[in-house]
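Below: the structure, in structure tokens.
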């Protein structure tokens, strides 16, 4: 459970850092690329084996890490676009409700069974994410604007399901660090391709704040994935329980941090969502 707790704390830290980016005028797309470089470096430093890139390329998970790295950049850009078109609330709800996808995949591919209480807990988790995130009249959007949140929902769910797949079929406990590093490394390479393309259309200058923001973001970003993969290796919990507790706890903690750090105000619906979140975690974890 400690691995899951650390993953929740690291993921919540990421959202706080993103919030601070606005305050300190950090350009998020460029900081994200630096963040991936830092995350990859942390993973390589933590790997206790001999780093042999020739053998790494022969690993059964190598092409998957490459694909996930590219997918990370793609989904991030979709999330940014969804936030601009449909609103931040819609984008965040779509991201967190994607927990349904790895839960369903776990039941189909790995024959994971859910008790009646766990199934009820997952349904309550979806309701908790919705009510905790919404603002008054914030979800009134056009049908056209629903396309981007739908893509974010599918993409985020595919990433979570892919992590479970590689943890289940291709990784042992010693390879978690190097696998995570490779995912972030390919995400960084994809980001540099994106920056290179932008450089052909406009002048890009090195900004110290972007670099520092990327460094601060990179460390918790790496450990959020590292500890989540380790949590998925815990045989006492199904992946459905892990993803449900992780996503709901992140939403709940980020909401509370928003109150304490940024003086955000909550409606009655938001407080109801927090209550549902606590209840859903109890049902999924204890039954």
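Values in this text are rule-based calculations from the coordinates and carry no lab data. All values reported here derive from a predicted model rather than from experimental measurement. Don't worry about glycine lacking a Cβ; one is built from the backbone with ideal geometry, like all the others, and counts go over all protein chains shown.
The table that follows gives values for the structure above.
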| item | result |
| --- | --- |
| Cα coordinate range in segment 230-283, projected on the principal axes (Å, largest first) | 39, 21, 11 |
| Residues 200, 255, sorted so that the one with the fewest Cβ neighbours within 10 Å comes first | 200, 255 |
| Candidates 221, 207, 234: whichever shows maximal mean-square fluctuation once the chain is modelled as a Gaussian network with Cα springs under 10 Å | 207 |
| 235, 168, 112 arranged by Cβ crowding within 10 Å, fewest neighbours leading | 235, 168, 112 |
| Estimated [θ] at 222 nm from DSSP helical runs (n ≥ 4, -39500 (n - 2.57)) normalised by residues in the chain, nearest 500 | -26500 deg cm²/dmol |
| Fluctuation leader among 206, 215, 195 - the chain, Gaussian network, Cα springs under 10 angstrom | 206 |
| Normalised contact order of segment 2-286, rounded percent, pairs of Cα under 8 Å and 6 or more residues apart | 43 |
| Under 19 Å from the residue 192 label point (7 Å along Cα→beta-carbon), backbone N, segment 63-82 | 63, 65-74 |
| Kirkwood-Stokes translational diffusion coefficient of segment 128-281, alpha-carbon pairs, 25 °C, 0.890 mPa s, µm²/s | 131 |
| Debye intensity ratio in log₁₀ form over the Cα atoms of the chain, taken at each q of 0.09 Å⁻¹ | -0.43 |
| Chain lengthening between residue 59 and residue 262 when straightened (0.36 nm per residue, less Cα-Cα) | 68.6 nm |
| Ranked 47, 222, 24, criterion: other C-beta atoms within 10 Å, fewest first | 24, 47, 222 |
| Selected from 226, 53, 179 as most flexible by GNM, with the chain as the system and alpha-carbon contacts under 10 Å | 53 |
